[in-house]
Amino acid sequence: MSKATRKMPLLPLRGILVFPYMIIHLDVGREKSISALEEAMVHDRLIMLATQRDAQNDKPTPEDIFEVGTVVEIKQLLKLPGGTIRVLVEGLHRAEIIQYEELDPFYMVEIIEYNEAEAKTPEIEALTRTAVHQFEQWVKLSKKIPPETLVSVVMIEEPGRLTDLIASHLSLKIEDKQSLLDAIEVQERLERLCDILGREMEILELEKKINVRVRKQMEKTQKEYYLREQLKAIQKELGDKDDRTAEVDEYRQRLKEQELPKEAAEKIQKEIDRLEKMPPMVAESAVIRTYLDWLLSLPWSKETADRLDIDIAEKILEEDHYGLEKVKERILEYLSIRKLTEKMKGPILCLVGPPGVGKTSLARSIARAMERNFVRVSLGGVRDEAEVRGHRRTYVGALPGRIIQGMKTAASRNPVFLLDEIDKMSADFRGDPSAALLEVLDPEQNNTFSDHYIEVPFDLSRVLWVVTANVMHNIPRPLMDRMEIITIAGYTEEEKVQIAKRYLVPKQTRDHGLTDKNIIFSEGTIQKVIRDYTREAGVRNLERNIANLCRKSARQIVQDKRTIVKITAQNLHTFLGAPKFRHSQVEHTHQVGVATGLAWTEVGGEVLAVEVSVMKGKGKLTLTGKLGEVMQESAQAGFSYIRSRAQELGVEPDFYERTDIHVHLPEGAIPKDGPSAGITMATAIASALTGKAIRNEVAMTGEITLRGRVLPVGGIKDKVLAAHRAGIKKIIMPKENKRDMDDIPVNVKRHLEFVLVENMDEVLKAALVTEE
């Protein structure tokens, strides 16, 4: 390889590289480049071409230009409009820039020219054959070069020239081309070319695999589309319809078969038209289908015929429930009005009472008596307004609220709809569900109930609403205003006995695989279970205890091979263990400072003893027995009344200066509160101060004022039943509570004497033992 040093103008190239033996057109526009061309044309038409490192640089410095380039001969030069010159050049040989002689008006550089001497060695021969073979494979895969060009390239025998020509035809990065240009030695150049060709082949193979995969997928999609179109055409010729058309027609048929309000029918028709125009693969089509299914499955006009036979309804209610006269009476009144007029709106009954008194099962009995469909929705724990009114369709997974879901389940627009546990609702940041229920339970609004999902007003005015709650004070006031409150206080002992005999014992006997011949409950057994093993207003624990007895009896029948198990009051403890509860009993003798009061609890009435002790001291009043604020105030009021009437009662007027009074209610661990022990505590204080005994057969209830007036209290029925159970003979109660005596069972009233009082003097007269 020969070298020669000379000077010549330099033309920097942007984004292109010229190899020796390569003929190419170049467009030159930069002033320095045009000046270099003009200089070359004046002399020997030779110019040095070198590529810029950064094609974006418009004014390159010597550092921005690669050192190795190509000396070319200018074959043709043509000036274009706009000052650009198009030049045709032919590459001659490699050259390397030694130094820059001039920078203006063009780059004049000193270069070393390399003229290749073709020396063939076995290594060069092997590399040449490899390069030619790889180039042939590359041409076949890429299909970017015509076969004639391949033939002309392969025919070249000089390895150096062959390498440069192959490199000029490859679509390579400037860096790869420059690395081939930098290789002055032929063997090194061939090795680099073989590496580059091998890499390009791998990339082309990978592209080919990807293309084949994509083409197969496209062919499959096109084939499916073509077949689907053919199927449509065939179905059209045969008169059949595709699934989508059939689905739309089915929706239209369902719409035609139903009697819907105008607004609902228009909405459904609009959504069906939207579904028909929508492509089947669009995600929104599934939302529209779900929406249409909901709208078309609601009972817009379906209605069950009410059984308005009062006698049959009364018979069914009596069959299912013992007692609960007020509720039964209200249902029969509603049926009577329905028989007279069709325009009567459904009532909204709110059954308030302790657990286990039959509120939920009563609603089922109402539906059975009227032959209406029954649906139940539990509101316990509901704290989101959307659970009542539904979510808007824009949300993912939106559904109607519980009311509309219940109406769909009911499948008629006049069911008995039970809203269970309305007092267990709560509210959070997502809205107040009780506010959403206002529209449901307001007779003036519920004929156009609006659900966020349905978006069409739905008529709820024909529904018979039954609402249940354990306590009244947890029901939101606006809701309570719209409902008819019916309080179920609980069952008397006699009622519980009857319920057990008529319903609970037969049911549990049947459920445990027994008959009335296998297990016998003797007289008094159920009453003992009620008194000693349960303390509740309802009958749930009673039913559990009866089930317990049935289980133990079943084991004896199976294990001990017995045919009959008889349960009596005497052997009851062997089945259920020791009694769990004891009921307060009346004192055996008249006692000073001990009065018997009557209290109401959530599990029924209770007898309460009030004890007063008088000691020397400084007039301190001590209250014990875990009394609430109301009872503490009652005790203070009673004490103040006694002080104000000390002289009339025969007590020294200044007793409070020398005497401490301690008022105690036994069973101190149990919280006690409520306005019903005022007269009891005042009577006990008066007895302790005067030394006069209180009659042991007397119990009392009532609130006291500072002037001695006796105020009415609640829970009279429960308190009277508790007194009767404890063996009390006489009950002192406020005169204003006379109206509550109608609720007391006749068989209980027969054994009691009632003293109705208006002031404290009458209480003391009836309660204290006076000397004859």
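The values are calculated or read from the model by the stated rules, or taken from the named source; none is laboratory data. None of these values were measured; they are calculated from a predicted model. Every residue, glycine among them, receives a Cβ derived from its backbone with ideal geometry; neighbour counts consider all protein chains shown. Accessible surface is based on the protein model in full, side chains and every heavy atom, while ligands, DNA and RNA are left aside. Shrake-Rupley method; radii C 1.70, N 1.55, O 1.52, S 1.80 Å.
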Under the 0.36 nm per residue contour assumption, what length would be gained going from the current alpha-carbon distance of GLU219 and THR341 to full extension? 36.8 nm
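If you stretched the chain out fully between GLN570 and GLU207, how much longer would it get, using 0.36 nm times the residue separation minus the C-alpha to C-alpha distance?
Once the chain is fully extended between GLN570 and GLU207, it gains 121.1 nm.
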Dipole of the chain, Cα-centred, from +1 at each Lys and Arg C-beta and -1 at each Asp and Glu C-beta, to the nearest 20 debye? 4440 debye
For the chain, the longest site-free run once chymotrypsin sites (Phe, Trp or Tyr not before Pro) in DSSP loop states with at most 16 other Cβ atoms within 10 Å are removed: 1-394
Sort 190-196, 74-80 by packing, meaning the average of other beta carbons within 10 Å per residue, with the highest value first. 190-196, 74-80
So, by mean Cβ neighbours within 10 angstrom, what's the order for 51-61, 709-719, 476-486 with the highest one leading? 709-719, 476-486, 51-61
Helix 283-297 versus the longest principal axis of the chain: what is the Cα-based angle in degrees, 0 to 90, to the nearest 10? 30 degrees
Taking the Cα centre of the chain as the origin and placing charges on Cβ (Lys, Arg +1; Asp, Glu -1), which of ALA489, ILE744, ALA766 is farthest toward the positive end of the dipole? ALA766
Go through the range 587-640 and name the trypsin sites (Lys or Arg not before Pro) that are in a DSSP coil and have 11 or fewer other Cβ atoms within 10 Å of their Cβ. LYS618, LYS620
Just round it to a whole percent: the fraction of Cα-Cα distances in the range 452-569 exceeding 22 Å. 53 percent
Name the long-range amide H neighbours of VAL456: under 5 Å, sequence gap of 5 or more, or other chain; modelled H, no Pro or chain starts. ASP451
Partner aspartates and glutamates for LYS618 [C-alpha distance under 14 Å; skip if fewer than 8 residues away on the same chain]: ASP654, GLU657, ASP660
Enumerate the calculated ³J(HN,Hα) couplings along the range 396-405 in order (Karplus 6.51 cos²θ - 1.76 cosθ + 1.60, θ = phi - 60°), each rounded to whole Hz, writing x wherever the residue is Gly or Pro. 5, x, 5, 9, x, x, 5, 5, 5, 4
On the accessible surface of the range 2-141, probed at 1.4 Å with all protein chains in place, carbon and sulfur together account for a percent value of 50 percent
Inter-centroid distance (Cα atoms) of the range 530-552 relative to the range 189-211, Å: 89 Å
Which value, in Å², gives the accessible area per residue of the chain when a 1.4 Å probe is used on the protein heavy atoms? 52 Å²
Through the Karplus equation 6.51 cos²θ - 1.76 cosθ + 1.60, θ set to phi - 60°, convert the phi angles of the range 258-264 into ³J(HN,Hα) values in whole Hz; use x for Gly and Pro. 9, 9, 10, x, 4, 5, 5
Non-local residues with an amide H under 5 Å from the amide H of MET8, with H modelled 1.01 Å from N and Pro and chain starts lacking one, are VAL109, ILE111
So, with a 1.4 angstrom probe, what is the percent of accessible area on the range 344-486 that is carbon and sulfur? 49 percent
Calculated from DSSP H runs of 4 or more alone, at -39500 (n - 2.57) each and per residue, what is the 222 nm mean residue ellipticity of the chain, nearest 500? -13500 deg cm²/dmol
Length gain on complete extension for the stretch VAL282 to ARG254, per 0.36 nm per residue less the alpha carbon to alpha carbon distance? 7.7 nm
Give the cross-link partners of LYS561 among the lysines, using a straight C-alpha distance below 20 Å as the criterion and excluding same-chain residues fewer than 8 apart. LYS517, LYS552
Using protein chains only and a probe of 1.4 angstrom, how many square angstrom of ASP660 are accessible, to the nearest 10? 40 Å²
How many angstrom lie between the C-alpha centres of the range 1-21 and the range 712-765? 126 Å
Bounding extents of the range 346-404 in its principal axis frame from Cα atoms, largest first in Å, are 42, 28, 18
Burial-style ranking of 547-559, 257-269, 84-96, average other-beta-carbon count within 10 Å with highest first, yields 84-96, 547-559, 257-269
Quick query: amide H of VAL463 versus all other amide H atoms, modeled in the peptide plane; which residues come in under 5 Å with a sequence gap of 5 or more or a different chain? GLY346
For the range 25-40, Karplus-derived ³J(HN,Hα) couplings (6.51, -1.76, 1.60; θ = phi - 60°; whole Hz; x for glycine and proline) come out as 8, 10, 9, 10, x, 6, 4, 4, 5, 5, 4, 5, 4, 4, 4, 5
Quick one: plug the Kirkwood hydrodynamic radius of the chain (C-alpha pairs) into Stokes-Einstein at 20 °C, 1.002 mPa s, and report D in µm²/s. 57 µm²/s
Nearest-5 percent of antiparallel DSSP beta bridges in the chain? 60 percent
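Considering only the other residues whose Cβ falls under 11 Å of the Cβ of GLU63, what net charge follows from Lys and Arg at +1 and Asp and Glu at -1?
Net local charge, GLU63 excluded: -2.
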At the level of C-alpha centres, the distance separating the range 327-401 and the range 31-75, in angstrom, is 95 Å
With every protein chain in place, the range 600-724: carbon and sulfur % of accessible area (1.4 Å): 51 percent
Among the aspartates and glutamates, which have Cα under 15 Å from the Cα of LYS262 when same-chain residues fewer than 8 positions away are ignored? GLU271, GLU455, ASP459
Counting just the Cα atoms, what span does the range 449-509 cover along each of its three principal axes? Round to the nearest Å and put the largest first. 51, 29, 18
